[in-house]
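Student: Quick one: the structure is below, questions incoming.
The values are calculated or read from the model by the stated rules, or taken from the named source; none is laboratory data. What you are looking at is a predicted structure, and each value in this text was computed from that prediction instead of being measured. With ideal geometry, Cβ positions are generated from the backbone for all residues, glycine too; neighbour counts draw on all protein chains shown. Calculation scope for accessible area: heavy atoms of the full protein, side chains included, ligands and nucleic acids excluded. Shrake-Rupley method; radii C 1.70, N 1.55, O 1.52, S 1.80 Å.
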Amino acid sequence: MASAVEDFPRGGTAKKSTGSKTVVHRTEADNLFQSNEQAETKKRKAGAKDDSKKLKKQKAEEKKVGLTLNAPVKCVEILHVKDVKEGMLMLGCVKEVTDFEVTVSLPSGLQGFLSIKNICDSYTKLLSEQLDSADTEEICSLPHLFYPGMVLRCVVAKLDVTKRGSLSIQLSINPKLVNKSLTPSGLKTGMVLSACVESVEDYGYIIDIGVSGTKAFLSKESLKFKHNNAQELKVGQYLTSQVEEVKNDGRVVQLSANLTTIAQTCAEPKQGWNLTTLLPGLLVKAAIKEVTKHGLILDFLSSFNGQVDFLHMEPEQASSYTKGLQVNARVLYIEPQTRLVGMSLRSHLIHLETGIEPVPAGRERIGEVVKECKMTAMHHLSGGVLELPDKTLAFVHVSQLFAQPEHICRILDFSPMEQIHFATLRKSVIGKPFYRYHDVQAGQVVEGTVSVLLSHGMVVHLSDHIKGLVPRTHLSDIVLQNPEKKYMEGMKVKCRVLSVDAENKKLYLTRKKTLVESSLPLFLSYNDTRPGRVSHGYIVSVKDFGCIVRFYNGVKGLVPLSELSSEPIVRPEDIFYVGQVVKAKVLQCDPEKGKMALSFKAVRLDAKVLKKSLNGLEVAILPDEIHAVLPMSHLSDHMSNCPLLWESLQEGDIISKLISASHLKTLTKKPTVRWSLEEGVVAKDFSEITVGLQLVGWIKNIMPYGVFVEFPYGLCGLAPKSAMTDKFIRDTTNTFQVGQTVIAKVTNLDEEKRRFLVTLKISEVISPQGDAQTRLINGLQERRAVTEMLVMKGVKLTNGQKVGAVVLHVDMLSACVHVSILSKVMGKKKSVRLKYTAMVQHIDKDFAVISLGDTAQLTVIQTCSHLNEIFLSESEKLKAGMTLSAEVIEPSCQELQGLPLVSWERSMPERKRTASENQTGRKGHCFGEILQGTVRTVKPTCIQVTLEDGSSGSVHVSEVVEPAEVRLGSFPTSSVKVGSVVTARVIGGREASSHRFLPFSHPKFTYTISELTLIPSKLGIYVLFLFSSMSSCFSRQFNSDRKSLEVTTDPSVSGTVELLAMTTDSKDIGHPEKLYKLGQAVRARVVEASFPPHRFVLSLTGVHKLEKGSITLGIVTNIQPQTGLLVKLPFGGMGTVAVTDLADAYRPNPLAVYNKDQFLRSVWMISVIDRVQKRIPEKDPEVLSVNKLKAGQIIRGYVKSVGEQGQVTSSASCPSRLQVTAGFSWDVGLSSLKPASAAQEEDSSDGEDQEGSTKLVEKQNFQEAELMDPNLRPQDAAAFERLLLASPNSSLLWLQFMAHHLQATQIEQARTVAERALKTISFREEQEKLNVWVALLNLENMYGTEESLKKVFERAVQFCEPMPVYQKLSEIYAKSNKIKEAEGLYKTMVKRFRQNKEVWFSYGTFLLQQGQSDAASNLLQRALKSLPPKESVDVIAKFAQLEFRYGDVERGRNMFDKVLSTYPKRTDLWSVFIDLMVKHGSQKEIRALFDRVIHLSVSVKKIKFFFKRYLEYEKTHGTPQSVQAVKEKAIEFVEAKGTEGTK
């Protein structure tokens, strides 16, 4: 209600209200305020006054009467907080429930709080008893009694003013306060009252309705009837109930609690409601008395007036409300003084049986700033209605409309009573960074106001609605004993957010200065961590095994005892304490499990200078006083800053931000190295180095052949001369400086010698983003620190000081000031644009001062734009007066003390061109141009020419003499003399930096060095080289490492001649480097060509491919005792020389005369004979097929293999096949795959399924045997690799590869191949993987240790089906006579796989093979107990078969007899029994068995099958008489069956 109408309170004047006679009559009848006698007495007292006073008195009395009469208000407005008074009755909705308080939403967006002590008297009594004694009945907490959306009748118990000046409404639902106006006599049937459960009885509940002298009862039966499956009510529980029956003049009341009935029950006049007893929440029938702009005035309960503000009018029916319309309305509140009744017509309040939604539909929008809002309605005493862009409505209170409506609002809250958002247009509120707890993020630096100091911490308010707790241990970096001396209420403090729980509105802050000001990366989640990263944290627990460090959002990790310090620590609690801020480095992290290992080692350190030496500083690392060295070159990334920093430091100074470069013995302060260590871009060990890895290091040593680069953790790599820079280097000493920071990329690894090569080429390494700007800022900050330290010592000069000139640079060491008096530098400074042409004003080693155009602005740049950049000549360096192209990144950089931060590149000044240059243009001389020149130098492969215009030219050796005139062995360049004048034609160009030849057609061709020809007829057309074509080449060099000759045929074409293709004479092969000299002309034949690059593989022997019968040289690469020699041939070929083809005649030990890498003269594809020129007559005939052998003929040969059946002898070149059965095995020597004997025939369990798969098995065995043939198998690793590329999932190939290594007893290589196979073979190929695992188990069993075999077995079980792996290992143990191990494994198997009958069969087979028949019988009994009963018959039958094969035949026969006696219709077992008896029994027993079978009571078809088998047996083993006897038995059987059929 506005203050402007203070003289006209709600209800209006007496004059206005007298128009309603019914109201006057009603008031008199109720006698609510005063009697007529009182009014008359007042009139008498005022009789002595004049008429004017009488008139005023009369008006005042009339006004008072108006208040009494509940007259309609003059203007409808919403309920304001200033209108809320103690004792006011209101209807509310539960918004939020905590353990001790309930937040209640009130009408018009107001909010109240219901304390745990304001529920009811009985609940308060229970609370007291609970506090006094622990034996009392357990009470229900508030979350069990209340829920969001629950509707309550409340009374304002107290109005509190908070410390921030806002009003806090304290509510109560105590029935004694809500229903205090009711009396026992005023209770009527049908009245709806609010109540609380007072006690729980056997048959119901005693209800407290707040009426003195009245007992109310609610029966459990009625409650169950009305509420399906309703839970039992608790003491203190609030409920809305209806009076069902009133007894004894209101002293006893029977209640009901049907929500649906109560919500629909309307209050009636006969129930005796008046303005004193009227309660919020009552549903009444009303008539619209007046329709105003801002709401409605209603008439209800015959004569009462009520108002409906615009927020409680149904939006869909707002236009249809007319005077006299009958509506249902719900009472919202009753003002106790003015008797103003607020009402609602909203459907969600009328139909309360459906409840009220406490949160809006859709997403959470509280705190959201919404733009482009439209004001749709204005109510000058209440507020305005906004339409948001998504067409939803929001209400803006009149107090929030002071700001101009810019159509930008912030949503403050959601009111469940009105089902609308409340918003504000105040700029101060919209601009607040924090309005909800959701707006606060962990790790954020915030400012707040100290609210209160508690014993456990300090409460800080970030805004009106958000407060956080600073725990006591976080009030400072150290533990404060008296925090009240440092902090006072109202003080502004800066904090960092440790964690935030927006749902529970819990916010934790820290005031630790180190955490607040930390610039290290924050660990907000485990995903932010990675090995090597460093961050600040705080210790939360100190244990014997280490310290637990917490970061943000609950991220924490363990620092083990070994990582606490570089010195051993026995008791961590003596050094560390809870709350201590520490820098920790991540060692390893598992985000999924939320585990992290940390270290306090190798993080940023502080050190104290002990002594200054010539090359550095001796320091003591704090706080442990560990002595270390800080070299001078490690003080900065900029080498020119290092002596400055060294000079400024004195003994006793503290140096911060150091980091350990190698085990705390050497420290570094290089920012780039420190960044790489903190970001984890580092290799701690040689094993972590991989090709392509990029690392930050420094130059350790400079040698003529390259530079050594040292990295953290003591690793050192070599950058060869060719990999130091993209430019050509003559002298390495003029490139880098020792200690210079560089970025290196690993290019080669030598794992055996633990060495690696790196490249420093700028084109091959990638700089970190913003590296140049960061280094510039770091370098200038270092110089500023030096300046400040030297100024303290008496030097008073500063940059930018005007002394008739502008200071460009101050050299603090020499006390020299460099100034400029140029007008463009001294003029008035202008604003900075984006791009400028800058001029270098001064150079000081690593830095340069430049001026930006005509702006009079100076700034500083680095002379090197990259860490690895070097200058080989003075012309490449920046000089004063040079112009640069500069681009402004930041107009005023704080780190540069306000100077612009720029990036730059060279802009080469235009120089005057000579006449020849003007003719040739930018790209140099034109193609085909004839030029005159003077020969400067003559080399074997090229001639350097100085042309007339002063430029350089180069003549390739192939461009000196006509190709037809080139003589073999000649040196064409020797015909040209130094100083002679030659006429040349331009055919191309060559880059000066890389000397790479570029034709004129190349898109990036630029003029550098002209490529010339001295052959007038040569037009520069490239010749297309064809295979087998002959060409003139010129020797360039012999590569001793690759054993090949490099030749050149053209300026852009080079070729390679391998050693075996250089000559056919084995005498010359010993010293190939002496065969050809540099620049010598040779004739070569093309073997292989590639485009691009233009490169060829050539042959100087006249042969370009291997043909059958051709003679060539070969090199022995491997000697295989069983096979022969493995020979490397020209052009990438490999060949095998069989033992029988080494000589014409038999020799006792033919391989003894051959060595690895020996040169042979051999015959291709026929035989490899060592004495081709001196062949002796054949003494031993060559056996090419078995048909040529005759009985009694004597031949000599070589033993190929030795098996159980005898030895296989190989004569001549007869190939041998290797038989392969299921699985793979090696012999004891493991020199080759074992040629297994023919597979032993296994008895089929059914006797009928074996034939179907015989052909398939034979085909597979043939294919495998063909692959296993040593003569057909690959003979070197390269051949295997090629085959494996085609068939990576073939376990057979992988096993052959393993066998290849094992022939040379290369056990470790065989293991490596097996591991590769397991990684390569697809996971879908389970059998192929199992084959490799079995092979690896075989390998470890024969050549490994028990430990290695156990490890392989455990891995195999993990990655394969366990049962087959167990079976294979047990078979391996059995075959290698490791009986004890096999038996132990079988015992494990029958325990682990007791449900698998194959395990029992395998164990039984093993026992019987060992002769342990009794143990096998016991095993059978165990198997029958473990396996399902349905498997019993098959198990007994299988064990019986095993007895026949490996044990006692008689016992097996008895077992079959017992089974078949019980299960005579198992014809499959009869068939197996017959097969076994045919093999192991006598004819008498077999015939008796057949006679039993043919008399079985089974189907005719099965008897017919057995008759056939009987007949076949007799035909094979019997006599004609026995055969006839079987036929007669068959006829008798048929006749007997026929007779049965006729019957």
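Student: Would you tally the residues in segment 541-555 being open to solvent by 50 Å² or more (accessible area, probe 1.4 Å) and within 20 Å of K513 (Cα to Cα)?
Tutor: Counting residues in segment 541-555 that are open to solvent by 50 Å² or more (accessible area, probe 1.4 Å) and within 20 Å of K513 (Cα to Cα) gives 2.
Residue-by-condition table, conditions (1) of a type in the set (K, R); (2) over 30 Å from T1305 (Cβ atoms):
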{"residue": "S1376", "(1), (2)": "no, no"}
{"residue": "L1385", "(1), (2)": "no, no"}
{"residue": "F1401", "(1), (2)": "no, yes"}
{"residue": "G1404", "(1), (2)": "no, yes"}
{"residue": "R1422", "(1), (2)": "yes, yes"}
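Student: Does any residue in segment 273-285 that is in contact (Cβ under 8 Å) with a residue 40 or more places away in the chain and buried (at least 21 other Cβ atoms within 10 Å of the Cβ) come within less than 9 Å, Cβ to Cβ, of a residue that is of a type in the set (D, E) and assigned to a loop (DSSP other than H, G, I, E, B) six or more places away or on a different chain, and which pairs are these?
Tutor: Cβ pairs passing all conditions: V284/E268.
Student: For segment 845-877, what are the residues that are open to solvent by 10 Å² or more (accessible area, probe 1.4 Å) and more than 17 Å from L780 (Cβ to Cβ)?
Tutor: G853, D854, H866, E869, F871, L872, S873, E874, S875, E876, K877
Student: Another question, if that's okay. Which of the residues that make up segment 159-194 are under 20 Å from V284 (Cα atoms) and assigned to a strand (DSSP E or B)?
Tutor: Restricting attention to segment 159-194, the residues satisfying the condition of being under 20 Å from V284 (Cα atoms) are 178-179, 181-182, 186-194.
Within segment 159-194, V192, L193, S194 qualify.
Student: Here's a follow-up. Applying the selection to segment 567-615, what residues are under 17 Å from T668 (Cα atoms) and open to solvent by 30 Å² or more (accessible area, probe 1.4 Å)?
Tutor: Result: K601, R604, D606, K608, L610, K611, K612, S613, L614, N615.
Student: In the set R996, R1042, which member is within 60 Å of the chain's Cα centre (by Cα), under 20 Å from T1101 (Cβ atoms), charged (D, E, K, R) and modelled with pLDDT under 70? Please lay out each step first, then the result.
Tutor: Details: R996 fails: under 20 Å from T1101 (Cβ atoms).
Selected residue: R1042, the only one of R996, R1042 that is within 60 Å of the chain's Cα centre (by Cα), under 20 Å from T1101 (Cβ atoms), charged (D, E, K, R) and modelled with pLDDT under 70.
Student: Quick check on Y1343: is it open to solvent by 30 Å² or more (accessible area, probe 1.4 Å), in contact (Cβ under 8 Å) with a residue 12 or more places away in the chain and over 35 Å from the mean Cα position of the chain (by Cα)?
Tutor: Values: open to solvent by 30 Å² or more (accessible area, probe 1.4 Å): yes; in contact (Cβ under 8 Å) with a residue 12 or more places away in the chain: yes; over 35 Å from the mean Cα position of the chain (by Cα): yes.
So Y1343 passes the test.
Student: Next question. What tally of residues in segment 146-177 results from selecting those that are polar (S, T, N, Q), over 15 Å from T103 (Cα atoms) and crowded, with 20+ Cβ neighbours inside 10 Å?
Tutor: Initial filter on segment 146-177 (polar (S, T, N, Q)): 162, 166, 168, 170, 172, 174.
Next cut, over 15 Å from T103 (Cα atoms) only: 162, 166, 174.
When the remaining residues are screened for being crowded, with 20+ Cβ neighbours inside 10 Å, the result is 174.
Qualifying residue count for the region: 1.
Student: Within segment 517-560, work out how many residues are part of a strand (DSSP E or B) and either over 19 Å from I659 (Cα atoms) or free of Cβ contacts under 8 Å to residues at least 12 places away in the same chain (or both).
Tutor: Keep residues of segment 517-560 that are part of a strand (DSSP E or B), which gives 533-543, 546-550, 556-560.
Filter once more, keeping what is either over 19 Å from I659 (Cα atoms) or free of Cβ contacts under 8 Å to residues at least 12 places away in the same chain (or both): 538-543, 546-550, 556-558, 560.
Number satisfying all stated conditions: 15.
Student: In addition: I'd like the full set of residues that are part of a loop (DSSP other than H, G, I, E, B) and touching a Pro at 6+ places or on another chain (Cβ under 9 Å), limited to segment 856-881.
Tutor: Step one: filter segment 856-881 for residues part of a loop (DSSP other than H, G, I, E, B), giving 856-857, 863-873, 877-881.
Within segment 856-881, Q857 is the sole residue that qualifies.
Student: Another question, if that's okay. Taking the condition of being in contact with a Lys or Arg (Cβ under 8 Å, 6 or more places away or on another chain) and not in a strand (DSSP E or B), how many residues in segment 451-478 meet it?
Tutor: Residues that pass the stated criteria total 10.
Student: Something else now. Go through segment 1302-1321 residue by residue and tally those that are assigned to a loop (DSSP other than H, G, I, E, B) and at pLDDT below 85.
Tutor: 3
Student: Right, another one. Which is free of Cβ contacts under 8 Å to residues at least 24 places away in the same chain and among the acidic types (D, E), of E563, E592? Step through it out loud before you land on a result.
Tutor: On the way: E563 fails: free of Cβ contacts under 8 Å to residues at least 24 places away in the same chain.
The unique qualifying residue is E592.
Student: Which numbered condition trips up F1473, out of (1) without any contact (Cβ under 8 Å) to a residue 60 or more places away in the chain; (2) under 20 Å from S1370 (Cα atoms)?
Tutor: Against the list (1) without any contact (Cβ under 8 Å) to a residue 60 or more places away in the chain; (2) under 20 Å from S1370 (Cα atoms), F1473 comes up short only on (2).
Student: Does segment 743-762 include one or more residues that are within 19 Å of V681 (Cα to Cα), open to solvent by 10 Å² or more (accessible area, probe 1.4 Å), at pLDDT 85 or above and among the β-branched types (V, I, T)?
Tutor: Yes.
Student: Another question, then. Could you look through segment 1304-1340, keep only residues that are within 32 Å of the chain's Cα centre (by Cα) and β-branched (V, I, T), and pick out the one that is nearest to F1280 (Cα to Cα)?
Tutor: Residue satisfying both the conditions and the ranking: V1313.
Student: Name the residue that is nearest to M458 (Cα to Cα), counting only residues in segment 480-493 that are open to solvent by 100 Å² or more (accessible area, probe 1.4 Å) and not acidic (D, E).
Tutor: M488
Student: Of the numbered conditions (1) open to solvent by less than 30 Å² (accessible area, probe 1.4 Å); (2) in contact with a helix residue (DSSP H, G or I) (Cβ under 6 Å, 6 or more places away or on another chain), E1381 fails exactly one; give the number of that condition.
Tutor: Answer for E1381: the failing condition is (1).
Student: In segment 344-387, what count of residues is obtained for those that are assigned to a helix (DSSP H, G or I), of a type outside the set (D, E) and touching a residue at least 60 places away in the same chain (Cβ under 8 Å)?
Tutor: Selection size over segment 344-387: 4.
Student: Of the residues that sit in segment 616-653 and are of a type in the set (G, A, S) and part of a loop (DSSP other than H, G, I, E, B), which one is most open to solvent (accessible area, probe 1.4 Å)? Please lay out each step first, then the result.
Tutor: Taking segment 616-653 as the starting set, the residues that turn out to be of a type in the set (G, A, S) are 616, 620, 628, 633, 636, 640, 648, 652.
This time we only want the ones that are part of a loop (DSSP other than H, G, I, E, B), so: 636, 640, 652.
Details: S636: 0, S640: 11, G652: 39 Å².
Among those residues, the one meeting the criterion is G652.
Student: Another one. Residues that are touching a helix residue (DSSP H, G or I) at 6+ places or on another chain (Cβ under 8 Å): find the strands (runs of 3 or more DSSP E) completely inside segment 235-306 holding 2 or more of those. Spell out how you get there, then give the answer.
Tutor: On the way: elements: 238-247, 252-256, 283-291, 295-300.
Filter on segment 235-306 gives 238-247.
Student: Search segment 1457-1488 for residues being surrounded by fewer than 15 Cβ atoms within 10 Å (Cβ to Cβ) and of a type in the set (S, T, N, Q), and hand back the single one that is nearest to Y1513 (Cα to Cα).
Tutor: Only one residue fits best here, namely Q1483.
Student: Quick one: E625 ticks every box in (1) modelled with pLDDT under 85; (2) in contact with a Ser or Thr (Cβ under 9 Å, 6 or more places away or on another chain); (3) among the charged types (D, E, K, R) except a single one, so which number is it?
Tutor: All conditions pass for E625, except number (2).
Student: Does segment 402-415 include one or more residues that are under 21 Å from Q317 (Cα atoms), of a type outside the set (V, I, T) and surrounded by 19 or more Cβ atoms within 10 Å (Cβ to Cβ)? Write out each step before concluding.
Tutor: First, the residues of segment 402-415 that are under 21 Å from Q317 (Cα atoms): 415.
Checking the rest, the ones that are also of a type outside the set (V, I, T) come to 415.
Add one more test, that the residue is surrounded by 19 or more Cβ atoms within 10 Å (Cβ to Cβ), and what stays is 415.
Yes: one or more hits.
Student: In addition: Give me the pairs: first residue in segment 117-143 and modelled with pLDDT of 90 or more, second residue of a type in the set (D, E), beta-carbon distance under 8 Å, and six or more apart or on different chains, which are they?
Tutor: Matching pairs, first to second residue: C120/E198; C120/D208.
Student: In the list G324, G306, G342, which residue meets the criterion of being surrounded by fewer than 23 Cβ atoms within 10 Å (Cβ to Cβ) and under 18 Å from V73 (Cα atoms)? Quick ask: steps written out before the conclusion?
Tutor: On the way: G306 fails: surrounded by fewer than 23 Cβ atoms within 10 Å (Cβ to Cβ); G342 fails: surrounded by fewer than 23 Cβ atoms within 10 Å (Cβ to Cβ).
On inspection, the qualifying residue turns out to be G324.
Student: Any residue in segment 1446-1465 that's over 15 Å from L1420 (Cα atoms) and at pLDDT below 80: show its pairings with residues that are open to solvent by 60 Å² or more (accessible area, probe 1.4 Å) and charged (D, E, K, R) at Cβ separation under 7 Å, as long as the two are six or more apart or on different chains.
Tutor: Within 7 Å, the pairs are L1460/R1466.
Student: Within the set of pairs 6+ apart or on separate chains, which have a first residue in segment 1394-1408 that is over 18 Å from F1444 (Cα atoms), a second that is among the basic types (K, R) and part of a helix (DSSP H, G or I), and C-beta atoms under 8 Å apart?
Tutor: Pairs that qualify, where the first residue is over 18 Å from F1444 (Cα atoms) and the partner is among the basic types (K, R) and part of a helix (DSSP H, G or I), are K1397/K1438.
Student: Just one of (1) of a type outside the set (S, T, N, Q); (2) farther than 30 Å from D685 by Cα; (3) in a loop (DSSP other than H, G, I, E, B); (4) in contact with a helix residue (DSSP H, G or I) (Cβ under 8 Å, 6 or more places away or on another chain) trips up E489, so point out which.
Tutor: (4)
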